[in-house]
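Since the structure comes first, as structure tokens, the remarks are kept for the end.
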Amino acid sequence: IEIYSLHVDCKVTSRFAHTVVTSKIVNRANESREATFEVELPKTAFITNFSMSIDGKVYSGIIKEKASAQKEYDTAVSRGQSAGLVKITGRKLEQFHVSVSIAAASKVTFELTYEELLKRQLGNFELLIKVRPKQLVKHFQIDVHIFEPQGIRFLETDSTFMTNELTEALTKVQNETKARILFKPTVDQQKINPELDETLLNGDFVVRYDVKRGATAGDIQIVNGYFVHYFAPHEMPVFPKNVIFLIDRSGSMAGRKIEQTRAALLKILQDLRPEDRFSFITFNSKVVEWKSSLLQATAENMASAAGFVQTLSASGGTDINRALLTAVSVLDKADRLPKSSVSMIILLTDGQPTSGETNVEVIQENIQKAVNGKYALFCLGFGFDVSYKFLEKMALSNGGIARRIYENADAALQLQGFYQEVATPILTKIEMQYPENAVEGLTKNNFKLFFEGSEIIVSGKISNELDLLPVEIKAQSHASDLILKEEANVKEKEQVFQNQSYIFGNFIERLWAYLTIQQLLEKSISAQEDQKTLEAQALELSLRYSFVTPLTSMVVTKPAGQQQTELANKPTEAG
């Protein structure tokens with residue numbers, strides 16, 4: 001079985017990435033063989049299309065509601081369950097895997113399309129392409145086109161498998177608003193050494209970039225009546241933070257996990273700003289406050305904290321409920337906190353609640369009542385014994401986010417990286433306002449916090465009559481209340497994309513659908529009652545725009561005589 005061509009074509013238009021992976025395989029044997037197509041794609045992406053064509057006949061995947069697809073599948077395969085075509089393969093990736101039997105001398109072409117909105121983190125966008133052909137490929141290429149009307153501020157490529165020879169196969173062409181990156185190694189360049197037919201191509205190929213920004217109310221782009229509004233202010237005064245680090249030291253944290261936690265906390269302490277206030281609470285079946293109140297991040301207090309962190313050891317049960325309530329009450333009681341400051345709780349745990357209150361629903365209710373919208377709660381789940389669903393619901397219900405920390409050698413770096421993302425709050429209470437009568441289907445437009453290095457994105461549909469789209473942003477910065485105003489000329493904005501040859505026509509509409517589905521799914525996690533309604537809306541959009549989301553499945557039908565149907569589902573972090 002020979003893969004004679006493997007192309008990854010990616011078009012990124014204004015952060016929205018559309019990737020097509022095409023693999024052409026020939027069976028050189030004189031009997032039928034299995035041809036396998038394996039693509040690792042970002043977890044944040046939605047598959048939108050899959051097809052295989054065998055001897056001129058095309059078999060396309062069909063996207064249906066998950067429940068009805070499953071029913072159909074169960075009928076087709078009365079018992080022999082297969083694992084499905086998609087599974088999570090790492091912290092950023094999931095894998096699509098399909099095999100099909102092809103006759104001697106036959107060819108098959110596989111094609112998979114997926115889309116995602118690139119998310120700005122720590123000041124840049126990252127396009128991740130996983131490369132692992134497992135054999136030398138005659139025609140191999142990665143072709144990335146980027147078009148950012150705001151202008152490209154910087155662009156770099158990075159790869160885990162580059163050698164000097166392979167660098168020669170990489171070309172970058174860039175102007176003010178466009179970039180093209182082409183990686184096209186010959187068979188000889190792909191070899192680990194000239195004698196062996198082993199490939200060097202195994203790992204990540206990453207494109208990182210950021211866009212230029214004026215000091216205005218963000219940037220608005222419009223195509224076919226849909227708009228997207230990007231807002232990422234920078235160089236603004238930073239809010240002082242009041243942070244409570246809530247650290248699980250139950251028995252399961254013993255050994256490497258607690259060591260990595262200590263290492264990460266020591267680094268994070270060095271990153272605190274002098275005007276920040278902080279404290280530690282550790283918990284197993286008992287809850288222990290390091291100090292009874294928050295301390296200013298002075299050199300003396302940091303040294304004392306570092307001493308404390310180094311003594312952290314692990315044993316006993318897990319009383320998450322009391323630990324969280326204690327953290328909230330420390331913030332509630334704190335006196336002399338700067339009036340204009342941001343308070344947050346960062347919880348790190350590796351297990352289920354086992355002591356005190358263990359009913360997760362009761363815990364969620366208790367915490368939401370106690371936090372009452374005053375503070376942001378971030379939940380870090382260490383490893384795979386946590387109930388990620390529980391942590392995610394708690395974080396999303398209390399203005400924060402959840403993140404899984406993988407039990408690898410770099411766990412301390414993962415913890416630090418997370419802290420850096422939330423270390424620099426520069427705006428609070430952000431309201432993005434648009435004329436009510438002229439805009440519909442608006443995505444989320446109120447945000448509690450904005451951190452330096454990230455980006456706010458709002459999208460919606462403009463009514464036909466509109467010539468000017470006025471926007472107003474209200475927010476609080478550390479220095480003052482902000483009001484930013486801007487007017488977008490609809491016709492002019494539409495022009496920007498008119499003559500761009502490689503733009504897929506309705507990309508802002510698809511971006512709007514992608515963002516809306518993601519936000520509906522997120523909302524349904526923390527929703528108290530109208531979960532079904534939110535899911536129904538997300539399902540309708542997933543089907544209309546053909547996205548494989550947690551609510552839909554792609555049914556893939558194979559040629560006669562093989563296991564006929566297989567399902568591609570979207571795995572989620574909560575499993």
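Answer yes if at least one residue in region 205-216 is modelled with pLDDT under 90, of a type in the set (Gly, Ala, Ser) and open to solvent by 60 Å² or more (accessible area, probe 1.4 Å), and no otherwise.
yes
Would you pick out the residues in region 260-305 that are open to solvent by less than 50 Å² (accessible area, probe 1.4 Å), in a helix (DSSP H, G or I) and within 17 Å of Leu348 (Cβ to Cβ)?
Within region 260-305, Gln260, Thr261, Ala263, Ala264, Leu265, Leu266, Ile268, Leu269, Ala305 meet the criteria.
In the set Val21, Val58, which member is free of Cβ contacts under 8 Å to residues at least 40 places away in the same chain, among the β-branched types (Val, Ile, Thr) and assigned to a strand (DSSP E or B)?
Among Val21, Val58, only Val58 is free of Cβ contacts under 8 Å to residues at least 40 places away in the same chain, among the β-branched types (Val, Ile, Thr) and assigned to a strand (DSSP E or B).
Mind checking which pairs have a first residue in region 196-211 that is more than 13 Å from Val137 (Cβ to Cβ) and a second that is open to solvent by less than 40 Å² (accessible area, probe 1.4 Å) and assigned to a loop (DSSP other than H, G, I, E, B), Cβ under 7 Å, 6 or more apart or different chains?
Partner pairs satisfying both residue conditions: Gly203/Phe161; Asp210/Gly123; Val211/Glu148; Val211/Gln150; Val211/Gly151.
Would a scan of region 566-573 turn up a residue that is basic (Lys, Arg), in a loop (DSSP other than H, G, I, E, B) and surrounded by fewer than 19 Cβ atoms within 10 Å (Cβ to Cβ)?
no
Got at least one residue in region 148-168 being polar (S, T, N, Q), over 28 Å from the mean Cα position of the chain (by Cα) and open to solvent by less than 10 Å² (accessible area, probe 1.4 Å)?
No - not one qualifying residue is present in region 148-168.
Is it true that some residue in region 261-272 is without any contact (Cβ under 8 Å) to a residue 24 or more places away in the chain, over 30 Å from Asp143 (Cα atoms) and among the β-branched types (Val, Ile, Thr)?
Checked against the condition, which is being without any contact (Cβ under 8 Å) to a residue 24 or more places away in the chain, over 30 Å from Asp143 (Cα atoms) and among the β-branched types (Val, Ile, Thr), region 261-272 yields no hits at all.
Yes or no: Glu72 farther than 25 Å from Leu543 by Cβ and in the same structural domain as Val206 (by the TED database)?
Judged against the criteria, Glu72 is not a match.
Scan region 344-374 for residues that are of a type in the set (Ser, Thr, Tyr) and surrounded by fewer than 21 Cβ atoms within 10 Å (Cβ to Cβ) and jot them down.
Hits for region 344-374 are Thr354, Ser355, Thr358.
In region 288-311, is there at least one residue being more than 21 Å from Glu365 (Cα to Cα), in contact (Cβ under 8 Å) with a residue 60 or more places away in the chain and not polar (S, T, N, Q)?
No, that holds for no residue.
Surrounded by fewer than 19 Cβ atoms within 10 Å (Cβ to Cβ), outside any loop (DSSP other than H, G, I, E, B), at pLDDT 95 or above and not assigned by the TED database to the domain that holds Asp276, is that true of Glu486?
No, not satisfied.
Give the residue that is nearest to His229 (Cα to Cα), with candidates limited to residues of region 1-37 that are out of contact with any Leu (no Cβ under 7 Å at 6 or more places or on another chain) and of a type in the set (Ser, Thr, Tyr).
Ser14
Within region 101-135, track down each residue that is farther than 20 Å from Val20 by Cα, aliphatic (A, V, I, L, M) and surrounded by fewer than 21 Cβ atoms within 10 Å (Cβ to Cβ).
Scanning region 101-135 gives Ala103, Ala104, Ala105, Leu122.
What are the pairs with Cβ atoms under 9 angstrom where one residue, in region 349-360, is under 14 Å from Cys379 (Cα atoms) and the other, located anywhere, is open to solvent by 20 Å² or more (accessible area, probe 1.4 Å) and among the hydrophobic types (A, V, I, L, M, F, W, C)? Sequence gap at least six, or different chains.
Gln352/Val360; Pro353/Val360
From the list Val228, Val238, Val243, Val211, pick out the single residue that is touching an Asp or Glu at 6+ places or on another chain (Cβ under 6 Å) and within 30 Å of Met432 (Cα to Cα).
Val211
Just give me the residues in region 1-56 being open to solvent by 20 Å² or more (accessible area, probe 1.4 Å), in contact with a Ser or Thr (Cβ under 8 Å, 6 or more places away or on another chain) and aromatic (Phe, Trp, Tyr), in sequence order.
Result: no residue meets the conditions.
Out of the residues in region 520-534 meeting the condition of being of a type in the set (Gly, Ala, Ser) and in a helix (DSSP H, G or I), tell me which one is farthest from Lys369 (Cα to Cα).
By that ranking, first place goes to Ser524.
Out of region 309-337, which residues are open to solvent by 40 Å² or more (accessible area, probe 1.4 Å) and either assigned to a helix (DSSP H, G or I) or over 24 Å from Ile258 (Cβ atoms) (or both)?
Within region 309-337, Gln310, Arg322, Leu325, Ser329, Asp332, Lys333, Asp335, Arg336, Leu337 qualify.
Determine which member of the set Gln364, Gln352, Gln368 is at negative phi, under 26 Å from the mean Cα position of the chain (by Cα) and in a loop (DSSP other than H, G, I, E, B).
Every option except Gln352 fails the conditions.
Please work out if Lys191 is surrounded by 15 or more Cβ atoms within 10 Å (Cβ to Cβ) and touching a residue at least 40 places away in the same chain (Cβ under 8 Å).
Yes: the conditions hold for Lys191.
Can you pull out every residue in region 209-226 that is within 23 Å of Glu431 (Cβ to Cβ) and assigned to a strand (DSSP E or B)?
Asp219, Ile220, Gln221, Ile222, Tyr226, listed by residue number.
When Asp197 is evaluated against the numbered criteria (1) part of a strand (DSSP E or B); (2) over 25 Å from the mean Cα position of the chain (by Cα); (3) within 30 Å of Glu165 (Cβ to Cβ), which criterion, by number, is the only one it fails?
Checking Asp197 against (1) part of a strand (DSSP E or B); (2) over 25 Å from the mean Cα position of the chain (by Cα); (3) within 30 Å of Glu165 (Cβ to Cβ), the one that fails is (1).
The values are calculated or read from the model by the stated rules, or taken from the named source; none is laboratory data. What you see is a predicted model, and the numbers here were worked out from it, not measured in a lab. Neighbour counts are summed over all protein chains in view; Cβ atoms, including those assigned to glycine, are modelled from backbone coordinates with ideal geometry. Areas reflect the complete protein model, heavy atoms only, side chains present, ligands, DNA and RNA absent. Shrake-Rupley method; radii C 1.70, N 1.55, O 1.52, S 1.80 Å.
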